[in-house]
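These notes concern the structure reproduced below.
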Amino acid sequence: MIRSSVLSSLFVAACVISPMLQAQGADNVSSKVTVVSTEQIEWGHLNPAHGDKSPKAANLWGDRTQAGATGMLVRFEPGFSSPPHIHNVSYRGIVIEGLLHNDDPAAKAMWMPPGSYWTQPAGEDHITAASAPGNMIYLEIDQGPYLVKPSAQQFDNGERPVNLHYANLTWQNPRTSTQLEGAGVELANLWQQGPLSGVLVKLPANAKVQLSSTGSEFKAVVIRGVLNFLQAKTQKNRVLRPGSYLAAEEPVQIALSADEPALLYVRTNEPFQLARN
């Protein structure tokens with residue numbers, strides 16, 4: 001079935017494992033936050049059996065080869081196009097760099113730029129292709145392990161896929177969302193399952209913000225632009241380029257700044273607040 005490129009409605013309610021390196025700031029906020037910058041990421045192969053022909057992959061959190069949820073980065077070479085295949089589990093994808101196409105094998109290519117979002121149901125036959133000189137995505141599963149299987153084993157798990165081009169995202173601002181405060185900050189709801197939800201946060205250039213999370217699960221990945229993570233007591237910044245990762249398992253307040261427009265993907269189990277200073 002050829003999937004639609006426009007999401008019909010958005011809810012309004014709010015194998016190599018990368019090291020989980022703890023931020024080294026002496027202040028209490030920094031000590032609660034796990035920070036992994038792109039320079040610290042260790043890459044392996046998404047499918048080790050295919051060696052260098054396989055896309056490269058790196059776990060940001062969890063372990064895609066084991067049970068449980070996982071968030072990972074995947075890199076594709078220019079011109080990459082997979083054969084038709086299925087996965088044993090459903091996943092969500094967000095384009096970080098380049099142009100990606102993910103759809104039924106017979107579908108006309110719809111190249112999705114950074115910030116675009118899609119879902120791939122378990123068991124559905126599809127291909128994945130990349131077009132730009134550099135291509136990277138963030139891929140998230142709720143239950144592992146993540147496996148690739150032949151199309152002959154396809155099945156219908158009842159889910160339906162979503163392809164949401166960045167241009168078709170619906171953004172909320174401080175007038176329409178109680179989670180936001182300050183000019184220029186916006187968010188787009190992507191998904192919600194029980195208490196867990198995933199959103200994209202848009203920051204304007206020259207913005208300084210405080211992100212307050214009250215939940216026991218906070219995970220964030222830089223999708224576009226460069227963010228500075230301020231270690232309050234030392235007043236030193238950690239520079240976070242696309243693919244960098246932040247996480248906390250208790251309530252935290254995080255100070256971030258952006259010299260250029262930036263996008264941040266946030267996964268939480270409680271609504272967070274974002275205030276521009």
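The values are calculated or read from the model by the stated rules, or taken from the named source; none is laboratory data. These numbers come from a predicted model, not from an experiment. Every residue, glycine as well, gets a Cβ built from its backbone with ideal geometry; the counts of neighbours run over all protein chains shown. Heads up: the accessible areas ignore ligands, DNA and RNA and are worked out on the full protein's heavy atoms, side chains in. Shrake-Rupley method; radii C 1.70, N 1.55, O 1.52, S 1.80 Å.
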message: Take E260 and tell me if it is open to solvent by 20 Å² or more (accessible area, probe 1.4 Å) and either more than 17 Å from Q273 (Cα to Cα) or at pLDDT below 95 (or both).
response: yes
- prompt: Out of curiosity, is G194 surrounded by fewer than 16 Cβ atoms within 10 Å (Cβ to Cβ) and on the phi > 0 side of the Ramachandran plot?
  reply: yes
task: Give the residue, chosen from P114, P150, P145, P121, that is open to solvent by 10 Å² or more (accessible area, probe 1.4 Å) and farther than 21 Å from P48 by Cβ.
output: P114
message: Please list, ordered by residue number, the strands (runs of 3 or more DSSP E) wholly in the range 155-274 having 1 or more residues that are under 22 Å from V35 (Cβ atoms) and of a type in the set (D, E, K, R).
response: 196-203, 207-213, 218-224, 236-240, 262-268
query: Out of curiosity, is V185 under 15 Å from G115 (Cα atoms), of a type in the set (V, I, T) and crowded, with 18+ Cβ neighbours inside 10 Å?
result: no
Subset of the range 124-142 that is among the charged types (D, E, K, R) and part of a loop (DSSP other than H, G, I, E, B) - its residue that is most open to solvent (accessible area, probe 1.4 Å): D142
Conditions (1) under 20 Å from the mean Cα position of the chain (by Cα); (2) open to solvent by 20 Å² or more (accessible area, probe 1.4 Å); (3) farther than 28 Å from Q273 by Cα; number of the one not met by F80: (1)
